[in-house]
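The values are calculated or read from the model by the stated rules, or taken from the named source; none is laboratory data. Computed from a predicted structure; not experimentally measured. Cβ atoms come from the backbone with ideal geometry, glycine included; neighbour counts cover every protein chain shown.
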Amino acid sequence: MTVIIYGDFNCPYSYLASQRADLLSRAGVAVDWRAVEHDRGLPVTGSRSDSDQATWDRELAEVASLALPGEHVPDRPPVLISNTQAAVAACAEAASDGVAGELRCSLFRAIWVQGLHLSSAYEVRRLVTGVMWPQEDITDRLTSPDFPSLLLRDPDLARIVRRSGGTIAPDGGPLTTAGWRRIRRWRQDWLALPSQVIPAVIGPDQIVRPGIEGLRYLADLASSAGRQPCLPLPAESAPGRDARPAAIVRAA
């Protein structure tokens, strides 16, 4: 059983979907998260969220109404909305390294918990390093400061580079052909859906469930796996609506 989820790191609804994807993964359900950019035209210097604060407030209030117990809901958007090209590239490369889930969580947490601006490839590389760099006991380093670290004892130079954050190019693109092809496939498949709504969830039955309908479906799956109670049907929700902030709704 595999659940496919298309999501955007700038989207608070996708952030909620990511948390539910983690619940499903812990329950043994395979989740294929496919990162896409809903708006490829965002500036690398960031777009200020306060230019449409009312829309963000409305969207975040709706996300809060959809949240299950224990799910984190941001009370405000980040000050600067990131161009997520580098984040998508890092997510695609992480699939090759077997750390896609961990990096996805780190990217969403950086934007929606820490409020970071991640347009820069170097900022995203720092998060990649945090996920892939092996942790060491500081007491070992203090005892033998001249002894090489775990990372430097790795005989594979290419792996050292990747663990040091070198999975994406300085311009924010993927480092490998495999990563580039994965990004292209994700986007082409997403554009081929009936509507370009995020999150978009496709279950084993191959039915596309966009927006709030997709969030409800993930909640039901988590409930059946014994992870969370079922999400109640909001009276004002319309399945299939574009569950994204209107501030970034411009499709590429």
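Within the set G240, G226, G214, the sole residue that is modelled with pLDDT of 50 or more, over 23 Å from N83 (Cβ atoms) and either of a type in the set (D, E) or surrounded by fewer than 21 Cβ atoms within 10 Å (Cβ to Cβ) (or both) turns out to be G226. Scanning the stretch 20-39 for residues that are small (G, A, S), in a helix (DSSP H, G or I) and surrounded by 19 or more Cβ atoms within 10 Å (Cβ to Cβ) yields a single hit, A21. Among the residues of the stretch 147-179, the ones that are modelled with pLDDT of 75 or more, aliphatic (A, V, I, L, M), in a loop (DSSP other than H, G, I, E, B) and surrounded by fewer than 17 Cβ atoms within 10 Å (Cβ to Cβ) come to 1 in all. Taking the stretch 128-146 as the search range and keeping residues that are surrounded by fewer than 17 Cβ atoms within 10 Å (Cβ to Cβ) and of a type in the set (A, V, I, L, M, F, W, C), which one is modelled with the highest pLDDT? Here the residue is W133.
When V197 is tested against (1) at pLDDT 95 or above; (2) in a loop (DSSP other than H, G, I, E, B), only condition (1) is not met.
Determine whether the stretch 54-76 contains at least one residue that is surrounded by 13 or more Cβ atoms within 10 Å (Cβ to Cβ) and in contact with a strand residue (DSSP E or B) (Cβ under 6 Å, 6 or more places away or on another chain). No - not one qualifying residue is present in the stretch 54-76.
Only a single item in (1) over 25 Å from L23 (Cβ atoms); (2) charged (D, E, K, R); (3) touching a residue at least 40 places away in the same chain (Cβ under 8 Å) is not met by R48, and it is number (3). Could we say that Q206 is out of contact with any helix residue (DSSP H, G or I) (no Cβ under 6 Å at 6 or more places or on another chain), modelled with pLDDT of 90 or more, loosely packed, with under 12 Cβ neighbours inside 10 Å and assigned to a helix (DSSP H, G or I) here? No, not satisfied. Of the conditions (1) crowded, with 23+ Cβ neighbours inside 10 Å; (2) within 28 Å of A158 (Cβ to Cβ); (3) in contact (Cβ under 8 Å) with a residue 60 or more places away in the chain, A95 clears all except one; give me its number. Among (1) crowded, with 23+ Cβ neighbours inside 10 Å; (2) within 28 Å of A158 (Cβ to Cβ); (3) in contact (Cβ under 8 Å) with a residue 60 or more places away in the chain, A95 violates only (1).
Among the residues here, I5 qualifies as under 16 Å from G211 (Cα atoms), surrounded by 19 or more Cβ atoms within 10 Å (Cβ to Cβ), under 12 Å from the mean Cα position of the chain (by Cα) and aliphatic (A, V, I, L, M). Here D8 fits the description: of a type outside the set (V, I, T), over 13 Å from L218 (Cβ atoms) and at pLDDT 95 or above.
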